[in-house]
1. Scan the stretch 167-177 for residues that are touching a helix residue (DSSP H, G or I) at 6+ places or on another chain (Cβ under 8 Å) and over 14 Å from residue 44 (Cβ atoms) and jot them down.
2. If you take the residues in the stretch 15-43 that are within 21 Å of residue 143 (Cα to Cα) and outside any helix (DSSP H, G or I), which one is modelled with the lowest pLDDT?
3. Could you list, ordered by first residue, the pairs with Cβ atoms under 7 Å in which the first is in the stretch 77-89 and in contact (Cβ under 8 Å) with a residue 60 or more places away in the chain and the second is surrounded by fewer than 16 Cβ atoms within 10 Å (Cβ to Cβ), at least 6 apart or interchain?
4. For residue 163, which of the numbered conditions (1) more than 24 Å from residue 102 (Cα to Cα); (2) surrounded by fewer than 19 Cβ atoms within 10 Å (Cβ to Cβ) fails to hold?
5. Please go through the stretch 53-66 and give me each residue that is at pLDDT below 95, surrounded by 14 or more Cβ atoms within 10 Å (Cβ to Cβ) and either farther than 18 Å from residue 116 by Cβ or out of contact with any helix residue (DSSP H, G or I) (no Cβ under 6 Å at 6 or more places or on another chain) (or both), ordered by number.
6. Return the only residue of 106, 110 being farther than 18 Å from residue 34 by Cβ, modelled with pLDDT of 90 or more and out of contact with any strand residue (DSSP E or B) (no Cβ under 9 Å at 6 or more places or on another chain).
């Protein structure tokens with residue numbers, strides 16, 4: 001029982017970051033690059049002290065989500081699984097996000113982020129689930145950021161915060177621009 005536990009102020013970064021990798025059939029042309037972006041993003045976050053990282057692929061082989069990396073595991077333990085992800089099946093983006101939200105909300109930390117690496121096209125029937133999950137994330141102060149992969153990415157249709165990349169090399173520049181824009185808007189408000 002945590003009746004007498006006080007929450008001590010945290011100095012520095014205290015953050016949980018989850019990465020959802022869209023491994024649906026529509027990603028077949030870009031899955032290798034998407035896996036590279038996933039690995040690069042997770043590696044960058046794991047190099048920051050105070051950041052816990054997880055990675056999931058959706059659709060999973062027998063469920064809507066396959067967990068590739070759990071919080072507090074080193075990224076090296078998941079590298080071969082990330083590289084082995086193959087594109088197939090539908091795109092249960094909403095179910096995958098809802099599943100991950102349950103888990104990230106269990107993590108004790110100050111800030112929570114979920115990055116969804118996708119082409120931006122969820123299953124038609126999954127769109128209401130995605131909208132509900134995005135609403136829950138907003139209510140729980142979980143930042144959800146779409147990372148559009150490939151020429152046809154349409155992440156702006158579902159994610160308020162998003163970037164688009166054509167190569168892994170684009171990721172740092174695009175994320176920096178996004179964070180500067182969002183930070184500037186928050187400071188001006």
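The values are calculated or read from the model by the stated rules, or taken from the named source; none is laboratory data. All values derive from a computational prediction rather than experimental measurement. No Cβ is skipped: glycine too gets one built from the backbone with ideal geometry, and neighbour counts run over all protein chains shown.
1. The one that is touching a helix residue (DSSP H, G or I) at 6+ places or on another chain (Cβ under 8 Å) and over 14 Å from residue 44 (Cβ atoms): 167.
2. The qualifying residue modelled with the lowest pLDDT is 15.
3. Pairs that qualify, where the first residue is in contact (Cβ under 8 Å) with a residue 60 or more places away in the chain and the partner is surrounded by fewer than 16 Cβ atoms within 10 Å (Cβ to Cβ), are 87/25; 87/28; 88/25; 89/25.
4. Among (1) more than 24 Å from residue 102 (Cα to Cα); (2) surrounded by fewer than 19 Cβ atoms within 10 Å (Cβ to Cβ), the lone unmet condition for residue 163 is (2).
5. Across the stretch 53-66, the qualifying residues are 59, 60, 66.
6. 106
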